Amino acid sequence: MHFERFARLVMNSLRFALRLIARQPGFSLVASLSLAVGIGLVATQFSLIDGILLRGLPIPGADRLMHVARQDPQHPTPDFWQDLPYRDFLLIRDRQTSFESIIGVNFLGCNLSGPGRIPTYRDGASVSGDLPAALGIQPMLGRWFTREEDLPGGPMRIILSHALWQEEFASDPNVLGRPLTLNGEAGTIVGVMPPRFTFPSANYVWFNQRASAASDPRTRPVDRLQIIGKLKPGVSREQARAEMDTLAAALVKTYPETNQGFDHMHVQPFALAYAGGGTQPLLYLMLAMTVFILALACVNVANMLLGRASRRTRELAVRSAVGASRTRLVRQLLVEALLLAAVGAVGGLLLAMEGVDLLQHHIVEEMTVPGWFEFRLDARVVGIAVLATGAAGVLAGILPAWKASRLDMNAALKDDSLAAAGMGLGRTARWLVTAQIAFSTMLLVAASVLAITVYLTRGGNLRYDPDHLLTGRIEVQDTTQPTPADRARFYRQLIERLQAEPGVEVVAVTSRAFIGNGVPTQVATEGTVYAHENDRPTAWLDVVSMDYFRLIGVKPVAGRLFDSHEQVEGAPRAALVNESFARKYWPGADPLGRRFRTSQTGDLWVTVVGVVPDLQMQGLFSAPGSNEAGFYLAQDQMGWGWLDLFIRTKSDPLQLITPVRKAVASIDPNQPIHSIGTLTAQTAQAVRGFTIIGVMSLIFAGITLFLGALGVYGVTSQAVSRRTREFGIRMALGSTVGQVLRLVLRQGGLQVGIGLLVGLVAGFFITRPLQNLFGPEMANNPATYLGVAALITLVAVAALWIPARRAARIDPMAALRTE
């Protein structure tokens, strides 16, 4: 009975609210659109977080899937981890009790070739035989390989992804048993996985590992892998980490030469490991920004509802006089706010649909991301939108409802203007201005810092000229070019042939494609003694050919660059160090002629022959100046196989794609070159994720400015309207236009100043998570705060000026007659 009565009262309130919205379409449209923007942004941003961090792999028990690696004791970030040697994986697999199934994964580039095939390249991985048990997913065709087929010396078994099966084998159901050459080794196709399966990242082909437990990871560093395990029911992540730490201590005793110092393991959910766990602060910061934008919209709508409540004092008084209780009045006003929010939710979901589609297109379809990434407007996202709608309706309506419930009914029936003044709307309006400016400033600081940081990261860190540069990736395998001398000879021949092509200026190869970081390599300078090899500090390594620095237009700071000396067989190992390396290891001394050893050269001494400028060897996406110490070794002496080719041309570099492919095929017809294109395009592709974040930040900034200006204008305009008689009296008593103008600006300016100060301080703290990603200098530039303060002040003054001018032009007699 009580429920029926309550439902009837709510329906009556709802019908009245609908009539009110229909009578004031302009007011309702503006309020609903403000809330729609906030709700739509929250839903879109949550779908991004849900798709990257929360939903995980679409398999049963995905929440129990963990990533295991060893924790790097030297790295300043506690979440930084390293791959494990294959022999360590075998010990862990045989002794652990926390996981019901455990697999080892080693990411490898795969050159696919064979009779009658054009050689192609695909991202692949060697995986242990327990993967179907861990994931509960079986091949669509054929089978997975068994643990016995992982034994050294066995035949290679190959499983294709569904996409690769379609693209290169025309969906042939008879593909099973067909031979395929992978990285120069003959193998047999035994299975095809279901559609959209690209575990654990964007992988297209898998094969059995067949590594030897006796191989020394110091001489076979390629035999390193990551562990993925599925926790047993009832076993927590903390329990698994404790057991892994115990096994890490056992590894230190069993293999001290490679495990000394690595006495802790890193265990984290699978989704975090392969979905950029380090980006969590950035994603959650952007979600916080959208929530604050929704809060700003709620403040604006609350201000609008307050203004409407001040014009409804007589109506509210009459309703009270005929028996409406204070609770009923509050409920009526809350229902009106919730109805506006519900209308806004419809628009917000439409906006979120477009936003999610854009995310799906620009991230999943155009970037290399794990195949299980998917952004969709599912029940979870809609649920967040519904919660945001309810919260927005309550936040927007609670203050006006509470103020209206304190209305003096007797005064309202005699004089509604005096009753409205008695509601304390003037004081409330001033605090609303402060809140709006604070929200706007805080959001604009966060959006500006994020956008500027992204711009500097994707542009300011590029210490080279990308124009007229063609690049491509070549991964020469040990099976086709077995010795370092063979691989060095392959690249020398390729460079010589391409250098002879018309329009080519310089050709070079490098192990670091400018955008990424160098190879982390342990070093020990001559005369320095460490208790254990693992205690040696780490620097960045880049292996380059002779003309690399001529290609990027860099001259040595001291000494010489690599030249024909390094091509002489048996010549001493030479190195170039950057300025940070020289300052770190030989402060105040001449580095030329100094010697050091590295984990890549073993017991061989390397002699410094030159010093070059710092070239962001820690990677494009790291803060400048953070751990930039690095060095360069000559490809002619190292003979690496996996390198990036760069060609500087006099004209359009794309015209050289065909000659480059022919040059590679003329040396080895089964060797593909992939990812070939202009460096400008590849840089844009590499920073696409940051570009999306930057654009979203600019959108947030624009919406924030608009809502902030709209709110300040609305509050000030309503305040001027309520004070029409006061201004008329002031003008009749001799006040000048300038005095009235200054009065309005001074009173509004005080609230703007307070809100600006609060917003700047709050903006500083909300952007602190960016320091972990980009460094404190970029994330908190004082110039950004000054610019935001100037912009907010300019917009606020403009929003105050229009109502102030209207107040200053009031005709005293007309104002007095109006009241």
- Among strands (runs of 3 or more DSSP E) lying entirely in region 56-142, which contain 3 or more residues that are open to solvent by 20 Å² or more (accessible area, probe 1.4 Å)? 99-113, 120-127
- Please list, ordered by first then second residue, the pairs with beta carbon atoms under 9 Å, 6 or more apart or interchain, first in region 162-180 and of a type in the set (Val, Ile, Thr), second open to solvent by less than 30 Å² (accessible area, probe 1.4 Å). Val175/Leu160; Val175/Trp165; Val175/Phe169; Val175/Ile189; Val175/Val192
- Answer yes if at least one residue in region 510-521 is farther than 20 Å from Trp642 by Cα and either surrounded by 15 or more Cβ atoms within 10 Å (Cβ to Cβ) or hydrophobic (A, V, I, L, M, F, W, C) (or both), and no otherwise. no
- Task: Return the only residue of Ala447, Ala396 being in a helix (DSSP H, G or I), buried (at least 18 other Cβ atoms within 10 Å of the Cβ) and modelled with pLDDT under 75.
- Result: Ala396
- Query: Can you spot a residue in region 271-278 that is in contact with a Lys or Arg (Cβ under 8 Å, 6 or more places away or on another chain) and surrounded by 16 or more Cβ atoms within 10 Å (Cβ to Cβ)?
  - Reply: yes
- Is it the case that region 367-379 has a residue that's assigned to a helix (DSSP H, G or I) and modelled with pLDDT of 80 or more? yes
- Task: Give, as residue ranges, the helices (runs of 4 or more DSSP H) completely inside region 749-817 that count at least 2 residues that are open to solvent by 40 Å² or more (accessible area, probe 1.4 Å) and at pLDDT 65 or above.
- Result: 782-808
- Within region 222-256, track down each residue that is open to solvent by 30 Å² or more (accessible area, probe 1.4 Å), within 13 Å of His266 (Cβ to Cβ) and in contact (Cβ under 8 Å) with a residue 40 or more places away in the chain. Arg237
- Would it be correct to say that Phe700 is closer than 28 Å to Leu444 by Cα and open to solvent by less than 30 Å² (accessible area, probe 1.4 Å)? yes
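The values are calculated or read from the model by the stated rules, or taken from the named source; none is laboratory data. Keep in mind that this is a model prediction, so the values were computed, not measured. With ideal geometry, Cβ positions are generated from the backbone for all residues, glycine too; neighbour counts draw on all protein chains shown. Note: accessible area is taken over every heavy atom of the protein model, side chains too, but ligands, DNA and RNA are not part of it. Shrake-Rupley method; radii C 1.70, N 1.55, O 1.52, S 1.80 Å.
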